[in-house]
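Here is the structure we will look at.
The values are calculated or read from the model by the stated rules, or taken from the named source; none is laboratory data. Note that the coordinates shown come from a computational prediction; the quantities given were computed from them, not determined experimentally. Don't worry about glycine lacking a Cβ; one is built from the backbone with ideal geometry, like all the others, and counts go over all protein chains shown.
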Amino acid sequence: MNKKRIQDTAARVNDREQQYTQVSYDPIDTHHFGAINTPIYQTSLFAFETYEAFEQSMKDLQNNHVYSRGNNPTVSYLENKLAELEGGEQAKCFASGMAAISSAILSVVSSGDHVVCVNQVYGPTREFLSDYLRRFDVETTFIDGSSIANWENAVQPNTKLFYLESPTSLVFELQDLQACTTLARKSGAVTIIDNTWATPFYQKPLEIGVDLVVHSISKYLGGHSDLVGGVVIGARKWMERIANVEYMLLGGLMTPQTAALVSRGLRTLPLRLERHEASALLVAEHLQGLPIATRVNHPGLPGYAQYDLAIRQMSGTSGLFSFESDKPIEQLKQWASELRYFKIGVSWGGFESLVTVNRVQYEGEESARHIVRLHIGLEDPQELIRDIDEACRNVF
Ligand SMILES: *Cc1c(COP(=O)(O)O)cnc(C)c1O
């Protein structure tokens with residue numbers, strides 16, 4: 001390793017150590033006998049001794065305890081932690097990633113507005129923008145987000161929102177966050193990013209200038225494939241509107257039980273991610289040498305087309321990546337069925353390794369691509385590599 005690379009690595013490890021502190025430090029909970037975990041407040045409402053106190057609290061449902069669609073202490077504890085980790089002033093947790101995403105988008109757009117969005121965005125987000133919001137006269141232009149010229153060309157006088165997902169979660173294409181936010185500011189547009197893949201541990205878009213960050217908590221933040229949740233994080237001026245309007249009116253709240261599970265998962269986020277990262281890089285490098293893979297899409301591989309951008313705007317990479325294959329789709333499905341450690345299933349971010357086989361063709365592409373997506377779990381990476389090799393021998 002050359003000197004520059006060693007210095008960069010040292011700086012990144014140092015940066016991560018600060019984040020370990022952010023994840024792990026808790027003041028002692030003086031309300032609950034010093035309980036080391038925030039108790040689960042299994043309650044819908046909070047009662048008052050006097051009518052005066054009740055009326056006082058009703059004036060601010062977000063910061064007082066009145067009703068659990070508003071403010072539940074177990075959920076608020078998690079929201080404060082996520083805000084701190086992401087470097088935002090405020091966070092609001094939702095029932096799912098999609099509840100968070102749709103609420104964040106609805107807080108920005110009105111009838112007659114225009115949205116620019118990356119064309120490889122998460123499927124239901126795409127459907128929400130392209131189909132659902134069209135009913136309310138909101139129009140979306142989907143672009144190849146990897147080139148800033150495409151963003152520039154898509155901007156219209158009524159463009160209100162740039163919706164980003166970097167990297168995307170099937171072909172792992174990145175957007176230049178600095179360039180996108182600069183252009184958005186110039187164009188009078190708000191920026192939202194789906195940061196689920198990198199997590200706040202490896203990417204901090206708010207520091208770069210993005211306005212709102214959304215996550216599916218169901219992936220790495222929860223980390224154990226046992227819950228569904230979402231969060232929106234950003235500056236108070238955006239979050240107050242989301243908390244008082246979209247959250248309260250659409251009502252997609254996170255339950256206190258779920259929040260307690262997420263808080264528990266969050267304690268090991270750095271440890272889990274570093275293992276996912278290391279194992280995924282090993283498996284991805286191995287796949288680069290196999291005939292099943294014509295191309296490996298992993299932003300952390302030095303040969304990856306957007307590698308320089310990846311290490312500039314992320315401090316690490318997670319465990320989900322894909323490879324492209326010229327094998328027939330039915331053979332690839334058979335290969336996936338042969339795998340023993342990798343289970344066939346959607347979602348990702350938990351202990352177990354997962355696989356899906358996809359046939360996709362994005363706008364502007366001449367032919368469909370066969371894309372195998374792998375989530376590298378916390379199992380022994382050498383076992384995973386042996387599993388892949390054995391399935392290749394059995395099928396091809
Ligand atoms: C899973 C996922 C979502 C949706 O989250 P849910 O919790 O399933 O609603 C959004 N974006 C990305 C990138 C995801 O992987």
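Going by what's in this entry, would Glu89 be described as acidic (Asp, Glu) and surrounded by 20 or more Cβ atoms within 10 Å (Cβ to Cβ)? It is false that Glu89 is acidic (Asp, Glu) and surrounded by 20 or more Cβ atoms within 10 Å (Cβ to Cβ). In the set (1) among the aliphatic types (A, V, I, L, M); (2) part of a strand (DSSP E or B); (3) out of contact with any Leu (no Cβ under 9 Å at 6 or more places or on another chain), Met98 fails one condition alone, (2). Residues in segment 264-274 that are touching a Ser or Thr at 6+ places or on another chain (Cβ under 8 Å) and crowded, with 20+ Cβ neighbours inside 10 Å were compared, and the one that is nearest to Thr43 (Cα to Cα) is Leu269. The set of residues from segment 253-297 being among the small types (Gly, Ala, Ser) and either out of contact with any Asp or Glu (no Cβ under 8 Å at 6 or more places or on another chain) or assigned to a helix (DSSP H, G or I) (or both) comprises Ala259, Ala260, Ser263, Gly265, Ala278, Ser279, Ala280, Ala284, Gly289.
So that you can scan it fast, the table gives a plain yes or no per residue for (1) more than 14 Å from the ligand (Cβ to nearest atom); (2) at pLDDT below 95; (3) closer than 26 Å to Leu221 by Cα; (4) in a loop (DSSP other than H, G, I, E, B):
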{"site": "Ser337", "(1), (2), (3), (4)": "yes, no, no, no"}
{"site": "Gly349", "(1), (2), (3), (4)": "no, no, yes, yes"}
{"site": "Glu352", "(1), (2), (3), (4)": "yes, no, yes, yes"}
{"site": "Val355", "(1), (2), (3), (4)": "yes, no, yes, no"}
{"site": "Asn358", "(1), (2), (3), (4)": "no, no, yes, no"}
{"site": "Glu363", "(1), (2), (3), (4)": "yes, yes, no, yes"}
{"site": "Glu366", "(1), (2), (3), (4)": "yes, yes, no, yes"}
{"site": "His370", "(1), (2), (3), (4)": "yes, no, no, no"}
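Taken over segment 172-192, the criterion of being part of a loop (DSSP other than H, G, I, E, B) and within 15 Å of the chain's Cα centre (by Cα) is satisfied by Phe172, Glu173, Leu174, Gln175.
One residue is enough: does segment 153-173 have a residue meeting the conditions of a type in the set (A, V, I, L, M), surrounded by fewer than 17 Cβ atoms within 10 Å (Cβ to Cβ) and away from the ligand (no atom under 16 Å from the Cβ)? Within segment 153-173, none of the residues are of a type in the set (A, V, I, L, M), surrounded by fewer than 17 Cβ atoms within 10 Å (Cβ to Cβ) and away from the ligand (no atom under 16 Å from the Cβ).
Starting from residues that are within 27 Å of Gly265 (Cβ to Cβ) and of a type in the set (S, T, N, Q), keep the ones in segment 328-357 and report whichever is surrounded by the fewest Cβ atoms within 10 Å (Cβ to Cβ). Here the residue is Ser347.
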